[in-house]
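Peer 1: First, the structure itself, so that you have it in front of you.
The values are calculated or read from the model by the stated rules, or taken from the named source; none is laboratory data. Predicted model, so just to flag it, every value in this text is computed and none were measured. Cβ coordinates were reconstructed from backbone atoms using ideal geometry, including for glycine residues, and neighbour counts include every protein chain displayed. Heavy atoms of the whole protein, side chains included, go into the accessibility calculation; ligands, DNA and RNA do not. Shrake-Rupley method; radii C 1.70, N 1.55, O 1.52, S 1.80 Å.
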Amino acid sequence: MFRVSTLRLILILRHQSSENMATRWGICGAGKISHDFTVALKTLPPADHEVVAVAARDLQRAQEFAQRHGIPRAYDSYEKLAKDAEIDVIYLGLIHPHHLKVGLIFLRSKKNVLCEKPLAMNSREVQQIIAAAKENDVFLMEAVWTRFFPASIKISNLLAQEAIGEVKLVDVSFGAPLQHIPRAVEKELGGGALLDIGVYCLQFVCMVFNGEKPESINATGVCLNTGVDEAMAVVLKFSRNRMAVCTCSISVQLSNEATIFGTKGTIKIPEHQWCPTTLVVNGEKTQYPLPEPSMPLNFLNSTGMLYEAEEVRQCLLKGLKQSPRMTLADSALLTEIMDEARSQVGVVYIQDGV
């Protein structure tokens, strides 16, 4: 009895101790998205989140990033970041062709990882990353930040309550003129509308249909001379004659809205559906303001990354190896859909091995 009680006390004390400690972040990559993520972390209590190190392939870039953000340590290799014993979780902010190779470095070093979307270039790579996380018993989550915005949480709650009846159709778009950005158009950089921004449309549909696998996927699109998709439309059919239409483009500005049509009403994100701050439910609008950033940002509403960061912290405190809101199965399904859509449009990357 004494041993059991002592063990329980030790476990309770350890749990309380971890709750009182900040989640210590390592930042992989010193680019624009890593800057915005670090700024977002600063909107959270410093007692809960702390950035302790950053790594880039170029030491000067890492040092400049560290100085700008007040980060104690800067490394010139990802391997050095992986060996830092004082890091609880890595934010992997590199472009997606590097996610597999670099992600495996961290996972095999027993580091928890929050990896930018898309998790990898295709299903084969995603399965490798997921397997490595499970083999090393560490936390892994794809940074689909949209899922954790208050507006997105509200949508899930409303759907669970059948507030608009049965969902029959989802219509979502994301388009912006991005062809001047090499990362968006070059095949070796993982360019193309679908993987860059269309992924947000598909993840929204997967969220609405609660991770259900579609019965059919029909995609059409047009490609640039670089071999990546300039625009794509994907129609998904689900059970009980429910449908979703996703449209994405890197050449023109689209409405960037998302609408869920149910038998008893509608739910709409009227603008920037990938980082929602406004929700309209049956005509009634609700605003979800974001905290002001302490430094200029590169992307719209980037302080909203605070929500995914806090999700990671809460999962780690609970000892979870994946987020119940963005599971590894969710990431696998999302990638499977993108693989099929790309195949139908004829977009092939070197990682596909074709």
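Peer 1: Look at Ser239 and say whether it is surrounded by fewer than 19 Cβ atoms within 10 Å (Cβ to Cβ), touching a residue at least 12 places away in the same chain (Cβ under 8 Å) and closer than 21 Å to Ala160 by Cα.
Peer 2: For Ser239, the condition - surrounded by fewer than 19 Cβ atoms within 10 Å (Cβ to Cβ), touching a residue at least 12 places away in the same chain (Cβ under 8 Å) and closer than 21 Å to Ala160 by Cα - is met.
Peer 1: Considering only strands (runs of 3 or more DSSP E) fully contained in region 54-136, which possess at least 2 residues that are open to solvent by less than 10 Å² (accessible area, probe 1.4 Å), in contact (Cβ under 8 Å) with a residue 60 or more places away in the chain and closer than 26 Å to Ile350 by Cβ?
Peer 2: 89-92
Peer 1: So, in region 164-182, exactly how many residues are open to solvent by 40 Å² or more (accessible area, probe 1.4 Å) and either touching a strand residue (DSSP E or B) at 6+ places or on another chain (Cβ under 7 Å) or within 20 Å of Trp145 (Cα to Cα) (or both)?
Peer 2: Residues flagged as open to solvent by 40 Å² or more (accessible area, probe 1.4 Å) and either touching a strand residue (DSSP E or B) at 6+ places or on another chain (Cβ under 7 Å) or within 20 Å of Trp145 (Cα to Cα) (or both) within region 164-182 amount to 4.
Peer 1: Could you grab me the full set of residues in region 148-163 that are open to solvent by 10 Å² or more (accessible area, probe 1.4 Å) and of a type outside the set (Val, Ile, Thr)?
Peer 2: Correct list: Phe148, Pro150, Lys154, Ser156, Asn157, Leu158, Leu159, Ala160, Gln161, Glu162, Ala163.
Peer 1: Run down Gln253, Gln273 and say which single residue is in contact (Cβ under 8 Å) with a residue 24 or more places away in the chain and either closer than 12 Å to Phe149 by Cα or touching a His at 6+ places or on another chain (Cβ under 6 Å) (or both).
Peer 2: Every option except Gln273 fails the conditions.
Peer 1: What tally of residues in region 62-80 results from selecting those that are closer than 20 Å to Gly103 by Cβ and not aromatic (Phe, Trp, Tyr)?
Peer 2: Final tally of qualifying residues: 5.
Peer 1: Within region 201-235, track down each residue that is under 17 Å from Leu254 (Cβ atoms) and of a type in the set (S, T, N, Q).
Peer 2: Selection gives Gln203, Thr220.
Peer 1: Something else: Considering only residues that are in contact (Cβ under 8 Å) with a residue 60 or more places away in the chain, under 20 Å from Val102 (Cα atoms) and β-branched (Val, Ile, Thr), which ones fall in region 31-53?
Peer 2: Across region 31-53, the qualifying residue is only Ile33.
Peer 1: In region 35-53, how many residues are within 14 Å of Val89 (Cα to Cα) and open to solvent by less than 20 Å² (accessible area, probe 1.4 Å)?
Peer 2: Qualifying residue count for the region: 6.
Peer 1: Ok, one more. What do you reckon, is Leu224 more than 16 Å from Arg147 (Cα to Cα), of a type outside the set (Gly, Ala, Ser) and open to solvent by 50 Å² or more (accessible area, probe 1.4 Å)?
Peer 2: For Leu224, the condition - more than 16 Å from Arg147 (Cα to Cα), of a type outside the set (Gly, Ala, Ser) and open to solvent by 50 Å² or more (accessible area, probe 1.4 Å) - is not met.
Peer 1: Name the residues in region 202-221 that are in a loop (DSSP other than H, G, I, E, B) and either surrounded by fewer than 22 Cβ atoms within 10 Å (Cβ to Cβ) or at pLDDT below 95 (or both), would you?
Peer 2: Phe209, Asn210, Gly211, Glu212, Lys213, Glu215
Peer 1: Something else about it: Within region 1-34, how many residues are modelled with pLDDT of 95 or more and either in contact with a Pro (Cβ under 9 Å, 6 or more places away or on another chain) or hydroxyl-bearing (Ser, Thr, Tyr) (or both)?
Peer 2: Result for region 1-34: 3.
Peer 1: Shifting gears a bit: Of all strands (runs of 3 or more DSSP E) completely enclosed by region 242-354, which ones contain at least 1 residues that are open to solvent by less than 50 Å² (accessible area, probe 1.4 Å) and more than 30 Å from His180 (Cα to Cα)?
Peer 2: The qualifying strands (runs of 3 or more DSSP E) are 242-249, 258-262, 265-269, 278-281.
Peer 1: Moving on to the next point. Taking Ser109, is it of a type in the set (Ser, Thr, Tyr) and within 18 Å of the chain's Cα centre (by Cα)?
Peer 2: No; evaluated as a whole, the condition is false for this residue.
Peer 1: Further question: Yes or no: region 188-201 includes at least one residue that is surrounded by fewer than 16 Cβ atoms within 10 Å (Cβ to Cβ) and closer than 19 Å to Val347 by Cα.
Peer 2: yes
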